[in-house]
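One structure below.
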Amino acid sequence: MAHLGWRAAFWVNVPIAVVIAVLAVAVRTPAPERAVSSRLDLTGAGLLAVALALLVHALAGVPARGWVSAPTLLELLAFTVVVTALAWHERHTAHPIVPPAVARSAPVMASMALLLVISGGLFGVLFMGTFFLQDTLHLDPFASGVRVLPLTALMILGAPVASVALRRHGARRTAVAGTALVVLGIVGLSRVGPDSPWTGLPAALAVIGAGYATVMVTATGTVVGDAPPGYAGVVGGLKQTAMNIGPTLGIAVAAGAAGSAVAMMGPALLVLAALAAIGLLPASQLPGRPARREGPVTKAHREGPAAKAGTSTEPADLRGSAER
């Protein structure tokens, strides 16, 4: 890999993608019956692709051109124009990319926004951390990977804990707590330098991993649970799109904030922490604590033995008078 260059890492996915494509074409499954057929909004898809390309290119060019340079401002202006055109088109087309039923679902749209900014923050951190570990600390790839293991470990261990928290405290509190952990972890990571204790970086990454797992479990559960009937496929596609756009924007923001001094993590990580903190707004829009379901044991205990037996709780003399 060292002789082929860093771009060779992307070719590893090519054989896997080819195998998946062949299997997708070869394996035939019965198509489900659909009551209403929907067409792909090619115009909307094209406008969305152009808007994302303009935004990412503008952010990626900030290190070389600056935030207030003419090319950057022109690309951001063009992005705004295309997004405005996309919004107008989506409101007037018969087959929008985001169906009205999905767009009106506040929990689903809030989950999408939350996944976008939190994934952006995480991948921006990984982008900056790679340069810090290998260019500043001069660690080899294996040693760098070992330093990042707490992030992965807490993602795995935090997922089941997040599921319990989601059932007990609801999506809103769980998502806010997870987002706060990600923000705190990124801020803590921004204070790590070459002379910092070795425990600082793994501890900050562990906090980020725990928060990211919490957000992922909560947002995914909300998307699946609150998807309008008949739109599970659309919602799943939007979720995947948000998870793809977020890392792209996060890396672009990190590169733009770092400038030419990419190995200096502090300022760029604070910008990424601000990006992740935006997720507190959509997290607060998720459903609150779930209603407590009353089981048969609780119901029988509340009503008492008399009600369970089908008898009245009135005094015996009153019941006798009523019967007479």
| request: Write down Rg/Rh for the range 41-97, rounded to two decimals, with Rg from the C-alpha atoms and Rh from the Kirkwood relation over Cα pairs. | output: 1.10
| field | Fully extended contour minus Cα-Cα distance, from residue 153 to residue 240, at 0.36 nm per residue | value | 29.0 nm
| Can you list the HN-Hα couplings for the range 119-132, worked out from phi with the Karplus curve (6.51, -1.76, 1.60; θ = phi - 60°), rounded to whole Hz and with x for Gly and Pro? | 5, x, x, 5, 6, x, 5, 5, 5, 5, x, 4, 5, 5
| note | P(r) of the range 34-141 over all Cα-Cα pairs, 5 Å bins starting at 0, rounded to whole percent, reads 2, 10, 12, 15, 18, 15, 11, 8, 5, 3, 2, 0, 0
| field | Rg/Rg_ref, the range 105-290, where Rg_ref = 2.2 N^0.38 Å and atoms are Cα | value | 1.03
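Taken together, the values in this text are just the output of simple stated rules run on the coordinates, not laboratory data. Everything numeric in this text was worked out from a predicted model, so none of it was measured.
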